[in-house]
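The values are calculated or read from the model by the stated rules, or taken from the named source; none is laboratory data. Keep in mind that what you see is a predicted model, and the values were worked out from it rather than measured. Because the Cβ atoms are built from the backbone with ideal geometry, glycine has one as well, and the counts that use them run over all protein chains shown. SASA here: full protein model, heavy atoms, side chains in, ligands and nucleic acids out. Shrake-Rupley method; radii C 1.70, N 1.55, O 1.52, S 1.80 Å.
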Amino acid sequence: MIHVSATPVLALRGVSKRFGAVQALTDVHLEIHAGEVVALVGDNGAGKSTLVKTISGVHPIDDGVIEWEGRPVRVNRPHDAQDLGVATVYQDLALCDNLDVVANLFLGNELRHGSVLDEIAMEKRAKELLDTLSIRIPSVRIPVAALSGGQRQVVAIARALVGDPKVVILDEPTAALGVEQTAQVLDLVERLRERGHAVILISHNMADVQAVADRVAVLRLGRNNGVFNVSDTSHEVIIAAITGATDNAVTRRKARITTDSTVTKGDAK
Amino acid sequence: MSDLAKNSGTDLKKDAATTGTTDAAATTGTTDAPEAVAATKAPVDTGAAPVPAVDPRLLVRQEGLKGYWTEFKRKIRGGELGSLPVIVGLIIIAVVFQAQNDKFLSASSLTNIAVFTSGLGIMAVGIVFVLLLGEIDLSVGSVAGMGAAVWAVLNVSNGWGDWTSVLVAILCGLVIGALHGFFFAKIGVPAFVVTLAGFLGWSGLQIWLMGNEGSINAPTGGVVENLTGYFFEDKAAAYGLAVVAILAYAGSLLLDTKRRKAAALPARPLSEILLRTGVVAVLVLAAAYVLNELEGSRGLPLALVLFLAVLVIADFVARRTTFGRQVFAVGGNAEAARRAGISVDRIRITVFAISGMLAAFGGLFIASLSGGATKNLGSGNTLMLVIAAAVIGGTSLFGGRGKVWSALLGMLVLQSIQQGLNLLGMASEIQFMITGAVLLAAVVIDSVSRRTQKTAGRA
Ligand SMILES: Nc1ncnc2c1ncn2[C@@H]1O[C@H](COP(=O)(O)OP(=O)(O)O)[C@@H](O)[C@H]1O
Ligand SMILES: [Mg+2]
């Protein structure tokens, strides 16, 4: 087992977020330690992306506390999160289509002399970065608009690694990727853990989650619905927590049988 | 073009390796081919990379002139027209008007075009920045008028110093622009509406400032009169500036290539540098010759020097600085820019401030040309010309795509047409119709090339 430090690098305590009439997050707790991969799972609309955006400062929280290395911090804008050392790969990628790959990789984080861009250093670093991810991209100087969905996704992932983040958040990073690229991303997640980064991984693919995550946090309808150690929890239990059946497979089966019977009764009538 | 050019070294090898065909242009002929290979070998040899990240399906340019030609044809088909329609347009304009009236290419006519291009061109540079953001500034004409009125009232009516009043006028434009930016960025009023309000409001203030006087004449020999009235009559000025420009251009290309080679990145081949420098040299020297040598030439206009200075600085800011990068990012995808930690509001306010500042500066040029500030300076078709120039020059109305130099190209087109029509004695209503048609044509080209680029996967 990987050594995990005592103080979590990032902790959410009772976080709530509301969009108009939608209560997207209610009293959510989450802890991530350095050198740990936490998978965040839940049905569509469970609030996973919203949680990610509260951490990365896109949507400031309404209630609760975000703690960084044990200290409460305010994360009101993306810049705050970046300063702390949070790098995020958003589900919608958040790339600028008109800029080339290099410009996108370093956006907001440019290498420069004074305020003059150092294009050569950026291009060099971009190539190294993309090579370590074994990415096939026609050229680092073509606009991102000219890339395929998978290539764009890999660019977005590479972008999270440009600085030296302490926490890396990946919101469904493998959704548009093929088999080989998915394996690369999972390898990357493991490498990040080995280097002592904390990783939050959102995925719908249970096999991926079980392959790389240490713990799985389940969100359901914007609330916590259990945190499980991957090593001693079965697939079914996690699925049950996601779908909202009570916390083990047996009760879930029972629940299904009873609903089935009520349905058949209803039909009989 | 340069994106692909930078790759030209890599594909040389790849061509030979994957297709096996031996293209004459690819393997022979150019003297610099070995250098290009050497430059790109390095990353493969030294890099710890498991797989070199080059897609074998990539379309890349072959070495030599044939490569340029194939790439050029592909770009045209892909809708990447660049400056081509404008340059073709300028040539057509020159040929047509010269055929109608042989004074069109005379010294006084060309000098007129250069001087009239300068003031409005400076305003168009500001508009280019605003268009890059994907916004519009409808107030530039009124702000120009305000700037001129402020200068005239301070300098002439109140006896302030030349430089102080000019600076205060430009500063006024800056503050007005920042105010527009504030309402747009912080309050969230659409830029179109804010600047429309500005369009009315500032021209009202301009008229109020001018008070009872319909116009205030520019003092002879003053700074503002000299803006468009001063010419460097010494021939050394135009030629010297031309040579400096050529050397600076070639130098920056060579320096870039040297740095890229040192960093083991694909670099421009020497043939391309020579070709580019050659084209620039011909254009610049031709312009200097026209300004110096034609019958009745007055030399290099100060106005043109100032305009070129604004262009060079603005182009540097747009392409080489973090600020410029952020402007493009906000214009391309404002939410992505925000999430990248860019202060979108700050960028927006700054861009509108730049637009206001350059509008006021341009207003002083207009005042200089018309002999002083007037109540209706900057009204009429000023706004239309300025926006049209940026768009005709190739800056997209849809944000995130464009070049600062489009201000020069577009304004040259418009002023050449005006000058030509003036020489033919055409009435201003005809001029309006023709300018309108040119603008429409430019926007059509923009929209169509954008659509073609989309299907060609480039937008
Ligand atoms: N910007 C927004 N404005 C209003 N509602 C939102 C916004 N973002 C998310 N929501 C709502 O919050 C809920 C959670 O969404 P999300 O976090 O995207 O779910 P997921 O777990 O699938 O990523 C959904 O009901 C969604 O409609
Ligand atoms: Mg989501």
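Exactly one residue out of B:173, B:147 is modelled with pLDDT of 95 or more and under 27 Å from residue B:399 (Cα atoms), and it is B:173.
Condition check: touching a helix residue (DSSP H, G or I) at 6+ places or on another chain (Cβ under 8 Å) and open to solvent by 20 Å² or more (accessible area, probe 1.4 Å). Does residue A:152 satisfy that? The answer is yes for residue A:152. Screening segment A:44-90 for residues that are in a strand (DSSP E or B) and within 16 Å of ligand 2 (Cβ to nearest atom) and picking the one that is farthest from residue A:16 (Cα to Cα) gives A:89. Annotation note: Cβ proximity below 7 Å between a residue of segment A:7-26 that is at positive phi and a residue that is open to solvent by 10 Å² or more (accessible area, probe 1.4 Å) and more than 8 Å from ligand 1 (Cβ to nearest atom) (sequence gap 6+ or interchain) occurs for A:14/A:27; A:14/A:29; A:14/A:63; A:14/A:64; A:14/A:65.
The criterion of at least 3 residues that are out of contact with any Ser or Thr (no Cβ under 7 Å at 6 or more places or on another chain) and of a type in the set (Gly, Ala, Ser) is met by the following helices (runs of 4 or more DSSP H) wholly inside segment A:91-199: A:149-160. Flag not set for residue B:330, criterion: more than 22 Å from residue B:435 (Cβ to Cβ), out of contact with any helix residue (DSSP H, G or I) (no Cβ under 6 Å at 6 or more places or on another chain) and not basic (Lys, Arg). Residues in segment B:392-401: is at least one at pLDDT 95 or above and crowded, with 24+ Cβ neighbours inside 10 Å? No, every residue in segment B:392-401 fails to be at pLDDT 95 or above and crowded, with 24+ Cβ neighbours inside 10 Å.
If you go through segment A:6-25 and keep only what is within 11 Å of ligand 1 (Cβ to nearest atom) and either more than 19 Å from residue A:167 (Cβ to Cβ) or of a type in the set (A, V, I, L, M) (or both), you end up with A:18, A:19, A:20, A:21, A:22, A:23, A:24, A:25. If the condition is being open to solvent by 10 Å² or more (accessible area, probe 1.4 Å) and within 16 Å of ligand 2 (Cβ to nearest atom), then segment A:156-176 contributes A:172, A:174, A:175, A:176.
Scanning segment A:104-118 for residues that are surrounded by fewer than 24 Cβ atoms within 10 Å (Cβ to Cβ) and at the interface with chain B (Cβ under 8 Å from one of its Cβ atoms) yields A:108, A:109, A:110, A:112, A:115, A:116, A:117.
When the residues of segment A:119-148 are narrowed to those that are at the interface with another protein chain (Cβ under 7 Å from one of its Cβ atoms) and among the hydrophobic types (A, V, I, L, M, F, W, C), which ends up surrounded by the fewest Cβ atoms within 10 Å (Cβ to Cβ)? Selected residue: A:120. Of everything in segment B:233-267 that is in a loop (DSSP other than H, G, I, E, B) and out of contact with any Lys or Arg (no Cβ under 7 Å at 6 or more places or on another chain), the residue that is farthest from the other protein chains (Cβ to nearest Cβ) is B:234. If you filter segment A:27-43 down to residues that are assigned to a loop (DSSP other than H, G, I, E, B) and farther than 17 Å from residue A:171 by Cβ, you find that the one that is nearest to ligand 1 (Cβ to nearest atom) is A:36.
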